[in-house]
Amino acid sequence: MMKCHQRNLHPVWSWLNQRLSCSSSCVISNYWKQVAKDNGHDARIISAKLVSQIRQNQKADKNDALAIVQASQLVDIKFINGKTFEQQEQHSTMRMRELTVKHKVALRNQIEALLLEFNIRVSSRRGGLGGTVQGMLEDAEKGFPDYLPGSATEPVVIA
């Protein structure tokens, strides 16, 4: 078994004879599979769940490496298909979009809750959140109405 740090692994792929390269599925396994394949190796990814079932003793790099070697030699093993670079791009774009939508919804809910603290309700009849904020900005230019805290007729009391 050869031990090598990740930052030194790129040049190693080019001078190794063509071999079977197996790794446990993790965040970076698709990248290393692509590097190995680009250098003519037969690269395969093994399910992390299978590796954990085969691993003996505690989780450590040495024990994981041994479990990966043992799992790769099983007869009926099904390897995981790695993603191509294009598939990784699509997946990353989709995940970023999901995160953006999640943040957008969270921000909208936060703004609505803050407005509700001042008894300002967001209504679809008034144009939703955008219409409510626009109306507040127009009211602020004219001076706040009497029903808002902090207006001239109502003193602000902090308890």
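The values are calculated or read from the model by the stated rules, or taken from the named source; none is laboratory data. Remember, predicted model here, so these are calculated numbers, not experimental data. Quick reminder, even Gly has a Cβ in these numbers, built from the backbone with ideal geometry, and neighbours come from all protein chains shown. Accessible surface areas use protein heavy atoms only, side chains included; no ligands, DNA or RNA. Shrake-Rupley method; radii C 1.70, N 1.55, O 1.52, S 1.80 Å.
Observations
- Out of Lys62, Lys78, one residue alone is open to solvent by 70 Å² or more (accessible area, probe 1.4 Å) and either within 13 Å of the chain's Cα centre (by Cα) or modelled with pLDDT of 80 or more (or both). It is Lys78.
- Some residue of the range 89-108 being more than 15 Å from the chain's Cα centre (by Cα) and under 20 Å from Ser25 (Cα atoms): no
- The criterion of being at pLDDT 80 or above, on the phi > 0 side of the Ramachandran plot and surrounded by 13 or more Cβ atoms within 10 Å (Cβ to Cβ) does not hold for Gly135.
- Contacts under 7 angstrom Cβ, first residue in the range 63-78 being touching a residue at least 60 places away in the same chain (Cβ under 8 Å) and in a helix (DSSP H, G or I), partner loosely packed, with under 15 Cβ neighbours inside 10 Å and of a type outside the set (Lys, Arg), 6 or more apart: Ala65/Met1
- Flag if Lys49 is open to solvent by 30 Å² or more (accessible area, probe 1.4 Å) and at pLDDT 80 or above: yes
- Residues that are assigned to a helix (DSSP H, G or I), hydrophobic (A, V, I, L, M, F, W, C) and within 25 Å of the chain's Cα centre (by Cα), drawn from the range 37-59: Ala48, Leu50, Val51
- Filter pass, Thr132 being in a helix (DSSP H, G or I), closer than 30 Å to Tyr31 by Cβ and polar (S, T, N, Q): no
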